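Coordinate-derived values only; no laboratory data. Remember, it's a predicted structure, so these values are computed and weren't measured experimentally. Cβ placement follows ideal geometry from the backbone for every residue including glycine, while neighbour counts extend to all protein chains displayed.
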Amino acid sequence: MTTTLITGASSGIGAELARQLAAAGNDLALCARRTERLEELRAEILAAQPDRRVAIAALDVTDDDAVFRVFRSLADELGGLDRVVVNAGLGKGAPIGTGRYDANRETAMTNFVGALAQCEAAMELFREAKRGHLVVISSMSAMRGMPKTMTTYAATKAGVAALAEGIRSEMLGKPDLDITVTTIYPGYIRSEMNEKVAQQTRFMVGTEEGVRGIVEAIEKGVDSARVPAWPWKPLGTAMRHLPLGVVRKLT
Ligand SMILES: NC(=O)c1ccc[n+]([C@@H]2O[C@H](COP(=O)([O-])OP(=O)(O)OC[C@H]3O[C@@H](n4cnc5c(N)ncnc54)[C@H](OP(=O)(O)O)[C@@H]3O)[C@@H](O)[C@H]2O)c1
């Protein structure tokens, strides 16, 4: 039996991950600020999977102390955590230097500093248990610097991918600790973050389909995965190597 904590579980990818991991036999700890959404999701999951245990907790990932306190109390409630999915994220932003430092800062604090707090809190628990699986949700936008409203968002997602790789590297030097680190680079997956984006956005997939790819990568415990693999696996490689002026047009 695997017990998985998911942040940002009140909508989009996080909520669907909860549904699919519960169906795959995981007990769950679900966190977000909108607890009424978590309560509805718990009721839905328990109706479909009455044998699962689903704990919920209010959490703002920009509140450092709360991240440590909530992760530990959910671990105590469920008898330990096997896996933590660092998923909570925000897509606010504006071009740098256009007077919206407030929006860019909020995205940076949620997506990077919030993710750092979550990684610290998860790794404390995993180091104590000598085992665990840390999953970090980055983005295909992490492949290169992005223009317009995406600049800060993409920088935070490159930051969390580097953070995850650094933790993975640290764990390679600790053979006594059975800790796996997986970085997920989602392409466009339908969620609240992009609900205002036109339906015909190139390569957008439905939430269920996109999350199915994420669950597959998580369960395999791979180091990293671009999801869905088509077109993002080859496109990611192209994005890394093409001239910036070309990448700009792809996104
Ligand atoms: N959808 C895509 O195409 C796509 C692509 C690449 C990467 N991603 C990443 O996937 C993750 C999930 O995003 P999504 O697409 O599913 O968007 P979403 O539907 O907007 O979900 C975002 C989740 O993050 C939570 N959240 C935001 N700020 C928070 C905070 N300060 N404290 C705690 N929770 C917070 C929200 O919960 P509350 O508001 O209830 O707190 C919500 O559950 C994000 O990290 C996003 O960057 C998404």
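Below, the figures for the structure above:
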{"read-out": "Residue in the stretch 178-222 that is nearest to the ligand (Cβ to nearest atom), counting only those that are touching a residue at least 12 places away in the same chain (Cβ under 8 Å), among the charged types (D, E, K, R) and under 22 Å from Thr251 (Cβ atoms)", "value": "Glu192"}
{"read-out": "Every residue from the stretch 47-65 that is away from the ligand (no atom under 15 Å from the Cβ) and surrounded by 15 or more Cβ atoms within 10 Å (Cβ to Cβ)", "value": "Gln49, Arg52, Arg53, Val54, Ala55"}
{"read-out": "The stretch 31-59 residues that are in contact (Cβ under 8 Å) with a residue 24 or more places away in the chain and among the charged types (D, E, K, R), paired with ones that are outside any loop (DSSP other than H, G, I, E, B) and surrounded by fewer than 18 Cβ atoms within 10 Å (Cβ to Cβ) (beta carbon under 8 Å, 6 or more apart)", "value": "Arg33/Ala58; Arg52/Leu46"}
{"read-out": "Failed item in (1) under 15 Å from the mean Cα position of the chain (by Cα); (2) within 13 Å of the ligand (Cβ to nearest atom); (3) not hydrophobic (A, V, I, L, M, F, W, C), with Gly93 passing the rest", "value": "(1)"}
{"read-out": "Test: residue in the stretch 242-251 that is small (Gly, Ala, Ser), on the phi < 0 side of the Ramachandran plot and within 12 Å of the ligand (Cβ to nearest atom)", "value": "no"}
{"read-out": "So Leu242, is it of a type outside the set (Ser, Thr, Tyr) and exposed (fewer than 14 other Cβ atoms within 10 Å of the Cβ)", "value": "no"}
{"read-out": "Top-ranked residue in the stretch 110-122 [being of a type in the set (A, V, I, L, M, F, W, C) and in contact with a Leu (Cβ under 9 Å, 6 or more places away or on another chain); ranked as nearest to the ligand (Cβ to nearest atom)]", "value": "Ala115"}
